[in-house]
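Here's the structure we're looking at; comments come further down.
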Amino acid sequence: MMSRRKIALVVYSLGMGGAEKVVSDLSFQFAKQHDVSVILFDNRSPYYPYAGELIDINCPSKDGFFSKAFNFLERTLQLRRIFRVTQFDTIISVMEHANFPAILASRDTIAANHCNPERNFTRFDWLFARWLYPKARKVVAVSQAGMQIFSRHLQLRNLDCLYNPVNLARIRELALEYPAISIEGRYIVAAGRLSPEKNFTGLIRAYAVSQVIKQFKLVILGEGNERPRLERLIRELRLERQVLLPGFMHNPYPYIANAHCLVLSSLHEGFPVILIEALGLGKPVIATDCETGPREIVYPGENGLLVPVDDTAAMSVALEQMCLDEAVYEVYCRNTLPSVEYLDIERVAEKWLAL
């Protein structure tokens with residue numbers, strides 16, 4: 001039995017996002033046996049719930065070089081004061097907004113990165129990473145590919161990999177709730193922010209030229225600034241009845257659980273939790289073979305299919321194989337749940353505390 005610990009989870013906010021969801025889930029899991037403090041820089045628009053104590057240091061992002069520099073210093077000083085007073089046994093920071101000041105405030109910080117740094121890091125991010133990441137207790141990548149990128153750029157000795165966890169029991173409970181919007185007939189589901197990197201335009205075009213269009217609708221859950229462009233494309237292709245954009249759903253799990261499969265069409269990802277969630281609900285997946293993430297979740301021929309990034313023809317073929325070949329589909333369905341059990345939050349949370 002592990003002795004009771006004082007744990008700090010540091011993240012910019014609890015707004016919508018994959019990293020924020022992981023912090024939320026970890027807070028509830030840790031709070032079962034430990035004292036948890038969730039430390040935020042900006043609590044103006046919370047979305048995810050949390051367990052334990054909430055500490056808002058009220059240092060939201062600002063524009064301008066000097067304002068950003070002052071903000072960084074203020075975050076560091078406040079974190080240092082909180083760490084000194086509370087004397088946490090474990091400090092976990094998530095994403096660079098939190099990682100850099102947290103490491104400067106305490107070298108006991110375990111700093112987690114949730115993106116593909118080669119895609120998402122700015123020149124200043126790399127400069128700060130070279131300076132601060134070697135000082136951290138651990139730097140954690142959420143994929144093996146992400147860890148290799150950090151190793152290649154920074155040659156870190158304190159580098160490790162821990163996959164994003166999913167609270168499988170909780171999402172299965174939520175999947176039983178009645179959906180806010182009823183969808184008639186069979187459908188394929190995709191979910192995410194309506195933004196260019198999710199490449200929903202490519203997914204719609206692939207769907208439009210596939211034979212799947214005759215039997216399945218395409219439902220894309222989410223909201224974002226790409227909505228007008230997607231709506232325009234749907235009208236141009238005359239798919240108003242087949243492609244649905246119902247918007248953001250607070251509980252997407254009933255839609256995933258009732259779908260034939262889930263599709264991820266992204267140009268790049270970190271370690272997409274949505275794939276794990278779909279598999280945990282017994283649904284096979286089709287995913288683009290991004291540089292980091294999907295290939296460590298999806299095992300082609302077992303629980304789903306991988307296709308080249310931004311390849312309309314390949315995505316169209318994958319949709320047809322997944323939706324029209326019943327024998328193949330049944331094999332994928334049988335392998336979904338066993339393929340993600342190791343990512344259940346109870347197992348992953350123990351690994352975090354073992355770092």
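Under 25 Å of direct C-alpha separation, and excluding same-chain neighbours fewer than eight residues apart, K214 reaches these lysines: K198, K283.
Estimated from the Cβ-Cβ distance and a Förster radius of 41 angstrom, the FRET efficiency linking E53 and E184 is about 0.35. Hey, what angle do you get for helix 312-324 against the long axis of the chain, alpha-carbon based, 0 to 90 degrees rounded to 10? It works out to around 70 degrees. Compared with the dominant Cα axis of the chain, that is its longest principal axis, helix 18-30 is turned about 60°. Positive-end ranking of V209, A145, F83 along the dipole of the chain, with charges on Cβ about the Cα centre, is headed by F83. Across the options P284, A313, N158, the greatest Cα extent toward the positive end of the charge dipole of the chain (unit charges at beta carbon of Lys, Arg, Asp, Glu) belongs to N158. Model label points for R229 and K62, set 7 angstrom from Cα along the Cα-to-Cβ axis, are 3.3 nm apart. Set the Förster distance to 25 Å, then compute FRET efficiency between Q215 and N258 from the Cβ-Cβ distance, nearest 0.05. That pair, Q215 with N258, gives E of 0.95.
At full extension, Y342 and W126 could sit 74.6 nm farther apart than now, given 0.36 nm per residue minus the alpha carbon distance. For the range 191-267, trypsin sites (Lys or Arg not before Pro) meeting the loop criterion (DSSP other than H, G, I, E, B) and having at most 10 other Cβ atoms within 10 Å: R238, R241. In loop segments of the range 250-355 as defined by DSSP, the GluC sites (Glu not before Pro) with at most 15 further C-beta atoms inside 10 Å of their C-beta are E302. Fully extending the segment from L267 to R84, taken as 0.36 nm per residue of separation minus the present Cα-Cα distance, adds 61.7 nm.
How about K6: which lysines have a C-alpha closer than 25 Å to its C-alpha, ignoring those fewer than 8 places off in the same chain? Within the straight-line cut-off, K6 pairs with K21, K32, K135, K138, K351. In a simple Cβ point-charge model (Lys, Arg +1; Asp, Glu -1; nothing else charged), the chain has a dipole of about 1000 debye relative to its Cα centre. Net charge dipole, the range 6-162: roughly 480 debye, given to the nearest 20, about the Cα centre with Cβ charges of +1 for Lys and Arg and -1 for Asp and Glu. Rounded to the nearest 10 degrees, the angle from helix 144-154 to the longest Cα principal axis of the chain is 50 degrees.
Between Q155 and N251, how high is the FRET efficiency from 1/(1 + (r/R0)^6) when r is the Cβ-Cβ distance and R₀ = 51 Å? Nearest 0.05. After rounding, the FRET efficiency stands at 0.70. For the chain, the relative contact order is 14 percent, taking Cα pairs closer than 8 Å that sit 6 or more residues apart in sequence and dividing their mean separation by the residue count.
Quick note: the coordinates plus some simple rules give every number you see, no bench work behind them. It should be emphasised that the depicted structure is a prediction, and the values quoted were computed from it without experimental measurement. Neighbour counts are summed over all protein chains in view; Cβ atoms, including those assigned to glycine, are modelled from backbone coordinates with ideal geometry.
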